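Notes to accompany the following structure.
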Amino acid sequence: MVSQEEKIIIPAEKKSVGEHINDKISHVGEYLFMALMSSLGYLGRLGMVVLEFIVRGIINLCELLAVLFRHLGGFLGKPFVRYGKAIRMGQTEIRNAREESALKGFATWIRVTGRIIFGKRGIAVTLCNYALPVISCVFLFNIVTYASSMTYALKLNVNGDFVGYITDETVFTDAEKIVQQRINYMDSNTETITFVPAYEVDMVGHSSMLTQYQLADKLLASMNAEIIEGYGMYIGSSFYGALEDKTSVEETLDDLLDVYRTGAQGETVNFENEISFEPGLYLAESVVSDDSIIRLITSKRSVAAYYTAQEGDSPSAICDTLGMTYEEIAALNPGFSEDTVIYVGDRFLIDQEEPFLAVTVTRLESYDVYTDYDTEHYDDSTHYVGSYTTYQVGVPGTDRVTANVSYINGVEVRRKEITRITVTDPVTEIIYDGTKELPPDLPISIQDVGYGEFYWPIGTEDGGQINEMVYGHGGYYGHSGIDIGAPYGTPIIAADSGTVILSQWYYGYGNCIMIQHDNGIVTVYGHCSYLHVGVGERVTQGQQIADVGATGRATGNHLHFEVRINGVWYNPINYLPWHKRAPGCVEY
């Protein structure tokens, strides 16, 4: 043993520089390897996470698809399950029938087979239900795709030269009219130009189509004549010349409209005929000056106009209304004087001026109108049959109407109602009709007057025609007489001699006359436009007593004629000569 003190110390060997470098490289390589392996470990774990996510997503998708296919299979297979059940039931039905007889079994087989294949829910119907929608969709898709991909136009050649593409032949027709209108303006000396078109169907884009105005410019440009650019002035469809500058004419047109503008709410002011300025090419000789156009559009023209006499008119009143003298009216209407008898509906020719350009003004106006009242009848046993007592007088109601009213040159031409609000309700008229039996010794009865003894109440050769019979003999419910259609103002004559007992506005009858005849019969003449006789006057058979009209509850010009005996109305046909009747107006 060598003691501690006796140990021999052996000095370490020195390493060379090369050995130190190798050691360093070895350590670096070891660190790099460890880092690489750590990175690969992290990447491996990350890859496993991503792979697990993808696999889980695929599994979920497969489960979802499995559910969908299961439902789809159930939906698609449901008919076949039904057919299976139907076949099994059919087999049982066939088997039971065969046990009874072979013939019955065969017949049952045919019936079951037909039901399974062609029944309401059979195989054939099911196949059609599945196949037809698919086929229809495919067919429709192909048609739409094909149609949308095709664009056709007409290739236009005029007089042998290519001009352009148009949508159809009407474009050329309209363009030719425009050109001819410009050429033939105001007795132009230009020779008649003809255009001979030729068409070919071709495929082309929409952007290259010519309008009728573009085509008109091309046609004009092809002519051997002096052409300028301007604005063609059109009033309605008429061409009035080309303007190099339309500013002053437009200002004049606006001034003409200003005359009619009041600034009222909802007011519109326009020319009756549309006025337009079409830019384009025009013949130099069709150019007109601004002043000539302005003189034309601001001028007035004389037109034949008529004044229709109203109720209460007299010769002097007509002169005052028209602002004309007797002589001026007589010059246009020979025989007119201060002694002329005026009837409602008479027409008088008057000399009237109106602007060259008619102006339409539409305003929102409010006004009150009357509404008809109802009439209620009650029995009164204290008075004789044929008499009545008015217990409550009917009063028309009032409605406030708001309407768009249109005027042309200050004369109303149309009225369109917008709103209607009830201001006051009508008061119902209440009448008590007598029901007490008449005394037996009355001097008149239905048998006392022979058929056809009355004159026909329309006093013209034509005599109108019967449009409605009395109730109970072809007329509508409650119609108490006959309606005889005739023009407004046609004379009405007394059917027989007698005394006028009523001549006034009479409820729904409008202007009405009643005549008490010597034999006790009362004749009634309703809806008259004008009454010529008054109460108490004695009239003779055939005398004019009124004019045909449409007053009261009437929808057209006609005479409502009644025959009453002791307050009861009878069929007037029994007392009148036969007369023509409207189609479908028959007595039964």
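The figures follow:
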quantity	calculated
Candidate set from the range 108-126 (those that are modelled with pLDDT of 70 or more and open to solvent by less than 50 Å² (accessible area, probe 1.4 Å)); member that is farthest from the chain's Cα centre (by Cα)	108
Residue check, residue 570 open to solvent by 40 Å² or more (accessible area, probe 1.4 Å) and not small (Gly, Ala, Ser)	yes
Test for residue 499: is it in a strand (DSSP E or B) and modelled with pLDDT under 95	yes
Selection count where residues are surrounded by fewer than 16 Cβ atoms within 10 Å (Cβ to Cβ) and either at pLDDT 95 or above or in a strand (DSSP E or B) (or both), scope the range 503-549	5
Close pairs from the range 563-576: first over 16 Å from residue 516 (Cβ atoms), partner of a type in the set (Ser, Thr, Tyr) and open to solvent by 40 Å² or more (accessible area, probe 1.4 Å), Cβ under 7 Å, at least 6 apart	574/451
Verdict on residue 361 being under 30 Å from residue 232 (Cβ atoms), buried (at least 16 other Cβ atoms within 10 Å of the Cβ) and among the aliphatic types (A, V, I, L, M)	yes
Selection from the range 357-371 of residues that are over 17 Å from residue 399 (Cβ atoms), of a type in the set (A, V, I, L, M, F, W, C) and modelled with pLDDT of 85 or more	357, 359, 361
In the range 207-258, the residues that are among the acidic types (Asp, Glu), in a helix (DSSP H, G or I) and more than 11 Å from residue 281 (Cα to Cα)	250, 251, 254, 255, 258
Of all residues making up the range 513-545, the number that are under 18 Å from residue 343 (Cβ atoms) and touching a Ser or Thr at 6+ places or on another chain (Cβ under 8 Å)	9
Residues that are among the charged types (D, E, K, R) and in a loop (DSSP other than H, G, I, E, B), drawn from the range 563-588	580, 587
Unique match (being under 30 Å from residue 478 (Cβ atoms), touching a residue at least 24 places away in the same chain (Cβ under 8 Å) and charged (D, E, K, R)) among 339, 374, 346, 351	374
Residues (free of Cβ contacts under 8 Å to residues at least 24 places away in the same chain and closer than 22 Å to residue 488 by Cβ) located in the range 305-328	312, 317, 321
Count of residues meeting criterion [out of contact with any Phe, Trp or Tyr (no Cβ under 8 Å at 6 or more places or on another chain) and among the β-branched types (Val, Ile, Thr)] in the range 313-336	1
Filtered residues of the range 238-261 (kept if among the acidic types (Asp, Glu) and under 37 Å from the mean Cα position of the chain (by Cα))	250, 251, 254, 255, 258
Test result for residue 244, under 26 Å from residue 180 (Cα atoms), of a type in the set (D, E, K, R) and exposed (fewer than 14 other Cβ atoms within 10 Å of the Cβ)	yes
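The values are calculated or read from the model by the stated rules, or taken from the named source; none is laboratory data. What you see is a predicted model; the values in this text were computed from it and never measured. Note: ideal-geometry Cβ built from the backbone for every residue, glycine included; neighbour counts use all protein chains shown. SASA here: full protein model, heavy atoms, side chains in, ligands and nucleic acids out. Shrake-Rupley method; radii C 1.70, N 1.55, O 1.52, S 1.80 Å.
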